[in-house]
1. So A703 clears everything in (1) part of a helix (DSSP H, G or I); (2) open to solvent by less than 10 Å² (accessible area, probe 1.4 Å); (3) closer than 29 Å to P280 by Cα except one condition, right? Which one?
2. Of all residues in the stretch 162-208, how many are within 16 Å of ligand 1 (Cβ to nearest atom), closer than 25 Å to E319 by Cβ and touching a helix residue (DSSP H, G or I) at 6+ places or on another chain (Cβ under 7 Å)?
3. Kindly indicate whether A484 is open to solvent by less than 10 Å² (accessible area, probe 1.4 Å), on the phi < 0 side of the Ramachandran plot and either modelled with pLDDT of 95 or more or assigned to a helix (DSSP H, G or I) (or both).
4. Sort out which residues of the stretch 718-761 are aliphatic (A, V, I, L, M), open to solvent by 10 Å² or more (accessible area, probe 1.4 Å) and not in a helix (DSSP H, G or I), and write them in order of number.
5. Exactly one of (1) open to solvent by 10 Å² or more (accessible area, probe 1.4 Å); (2) assigned to a strand (DSSP E or B) is unmet by A441. Its number?
6. Taking D58 as the residue in question, decide whether it is under 16 Å from N178 (Cβ atoms) and open to solvent by 30 Å² or more (accessible area, probe 1.4 Å).
7. May I ask you to list the residues in the stretch 343-366 that are assigned to a loop (DSSP other than H, G, I, E, B) and either over 30 Å from R734 (Cβ atoms) or at pLDDT 95 or above (or both)?
8. Scan the stretch 118-149 for residues that are open to solvent by 60 Å² or more (accessible area, probe 1.4 Å) and either more than 16 Å from ligand 2 (Cβ to nearest atom) or in contact with a Phe, Trp or Tyr (Cβ under 9 Å, 6 or more places away or on another chain) (or both) and jot them down.
Amino acid sequence: MIRRTRYLFTGIVQGVGFRPFIYRTARKYGLAGWVQNRADGVWAEVEGRPEDVNAFLDDVIHRPPPLAEVAVGRFTDVLPKEEGDFRILESEGGTQRKVHISPDIAVCDDCLAELFNPADRRQRYPFINCTNCGPRLTIINDIPYDRARTSMACFPMCPVCRQEFDDPDNRRFHAEPNACPACGPRLQLLDKEGQSVTTDDPLRETGAALKRGEIMAIKGLGGFHLAVDAANEKAVQELRTRKLREEKPFAIMVRDLAAAKEIADISPEEETLLQTPQRPIVLLRKKDRTAIAPAVAPGVDTFGVMLPYTPLHHLLLQEFQALVMTSANKSDEPICIGNREAVERLQGIADGYLVHNRDILVRCDDGIAAVYTGTPTLFRRSRGLAPRPLFLREPLPEVLALGAEPKGELCLVKENMAFMSPHIGDLETPLARDFFHETMALMERITECRPEVIACDLHPDYYASRTAARMKDHRVISVQHHHAHIASCLAENRETGPVLGLAMDGTGLGTDGRIWGGEFLLADETDFIRRGHLKHFLLPTGETAIRHPWRTAVGLLQMAYGAFWPEWAGRLRLLPADFAPAMMARILDRRINSPETSSLGRLFDGVSAILGLRREKVNFEGQAAMELEALARQGHGSVLPSDMVREDGVFILDMSPAIRILTQQMLAGKPVPDLAASFHATLVAAFADLSGRICAEENLDRAALSGGCFQNRILYEGTIASLEKTGLRVLRHRLVPNNDGCIALGQAVVAGYRIKKERTL
Ligand SMILES: [Zn+2]
Ligand SMILES: [Zn+2]
């Protein structure tokens, strides 16, 4: 008996080697038929023995090419035609081609084997790639994705490469960036001034410079890295000094998995995450004694570790256990991509430059992830994932969302897909703002979509909000920050509201003009009700207090002790010597630039300062909380009392009793790690208690978690466990980060559903 089946494959199935894969798989099972790219996806018909047809489909669904994501495999049986062979048919065009650009992907094992094979014509060639790996997003100018529209356009293929490119049996069939030493890009070494250095092996020279303790700028996939030998304390210190990044941990790239295991304790899930083709930086628990310089990650108990992901990295890491590889930019500016741009912007930082002549057209920072409760959790969605779409549960009107601040990110929703931009960075600088507009244009180009609806934050002073206001021919929908958090969590889980949302983060403007950040929202896709929140406290001197946590601590002491706060602040020696208590009292009494906030991030800052950590100054937002968490892991805590009151139906969670106990125990000389652990345990217990009450009243069985504070492992894992214990199902982020990297998605979804609702009314 012969069976013939027709398939339509959609999702990410074009430009990822899917047709040759279908061709090879069909031939593997002796099937006849054809495969063809069409406007709506990849079509195929296969004919043969029923068991072979089944085996074929099994391979397609369970073992597709690494870059493909087969979203739907619709199929119907048709009449056999008794063909003799299997063919790849010419693509059938159409104006609305559903082409998805693949993200950049780490070099594959086949290419690596060739890279280190002395007999291979690409031995030690740093730009080796194939259909299953290599650059994609970062080299494209426009769609459809073919070589002429990439930065490979200026490298005509040599006859041997061309033959590979044209041969359906070859791993490089239609691999647009295909190249070899005869026809492809080349490395070049530049000195401090950007002048070319004559050498026949720029890579070896770079290795030698790193061995000498120099700082090298290295052109990678989505931008430049600054590299130093991670074992060289002096070199790492020097990099900190020159980059003006005093204490934020540096990411490191290790030679291989074995090298990673020498410096960190790695779970099986973390091992898998390190090795995914996306190759994110993975946050791993430091081992006690390692060869890594202390200055790499001071004050925290984790390392950000990644494996090599380009052939160039593999060659470079041959001689090192680990290199610091940090995005090449001054603090908070976007990553450098152009050769001349790098030399200009890294003047005074880099001692030399390892560059090449394949242009990077799209900036794309390294992604960051960790494993929490056994599940990969993103901290930054960027290289390796952007611009892969997230699939929503239903099609929505087209929306472009401009994200949050200070960290920018965009999201464009088209049909049932949400396309997330690479991470943009701090929108404070002119360079970042250019990048923001660059990215907006790129997103519209590669999705062939120009939405007339723009979504942005409620905050009118954000750069993104002002940009939206200037776009006169667009409709602007503003979305409250914490509602966006919860809506994004619903969207990526393909669920609908209402749900209880716990949005715990730094700061976001509330609908009442206050600064929110410790919120229990009854939310759905279009709207929300604030059902509970952390008790508001004053943030003396506003934004300034974020950098000087002792001021936030004063706000907390005032909440906890009222007019008696100066006495306790005095005993704790909280105020710097040059700051008169009377001055602070005046600021608080008259509420001079002292907004009210319910922010959990600020609560963490203040408690850290009360417990003696980072009182004077933090170097980056969240630093105090990270150190408090690291300490809590070493201590034994217990749940302290907190108060719950109700005002106009809204639950107010008051941590004052816990703050009073922590203050007294601190003064009594109790070990700080135990106090830090108690603070975490108290929050977890209070969250579960309040969530349980609201869900009982609202008859809900699900809670959604979002917000930057859930980057805290103890808080996140503890909250998930305690909510599940009360019988709630917990929705959590997997595809976008807990932090503000999820905001653009949430904004886009809320705006999309609001319009959809209007249209059906
Ligand atoms: Zn490959
Ligand atoms: Zn070639």
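1. Just one mismatch for A703, condition (1).
2. The qualifying residues number 2.
3. So A484 fits the description; yes.
4. If the condition is that a residue be aliphatic (A, V, I, L, M), open to solvent by 10 Å² or more (accessible area, probe 1.4 Å) and not in a helix (DSSP H, G or I), then L728, V730, L735, L761 are the ones that fit.
5. The failed condition is (2).
6. Against the criterion (under 16 Å from N178 (Cβ atoms) and open to solvent by 30 Å² or more (accessible area, probe 1.4 Å)), D58 does not qualify.
7. L346, Q347, G348, I349, A350, D351, N357, R358, D359 - these are the residues of the stretch 343-366 that are assigned to a loop (DSSP other than H, G, I, E, B) and either over 30 Å from R734 (Cβ atoms) or at pLDDT 95 or above (or both).
8. Correct list: P118, A119, Q123, R124, N141, A148, R149.
The values are calculated or read from the model by the stated rules, or taken from the named source; none is laboratory data. If you're wondering where the values come from, they're calculated on a predicted model, not measured in any experiment. In this analysis, Cβ positions are derived from the backbone assuming ideal geometry, glycine residues included, and neighbour counts consider all displayed protein chains. Areas reflect the complete protein model, heavy atoms only, side chains present, ligands, DNA and RNA absent. Shrake-Rupley method; radii C 1.70, N 1.55, O 1.52, S 1.80 Å.
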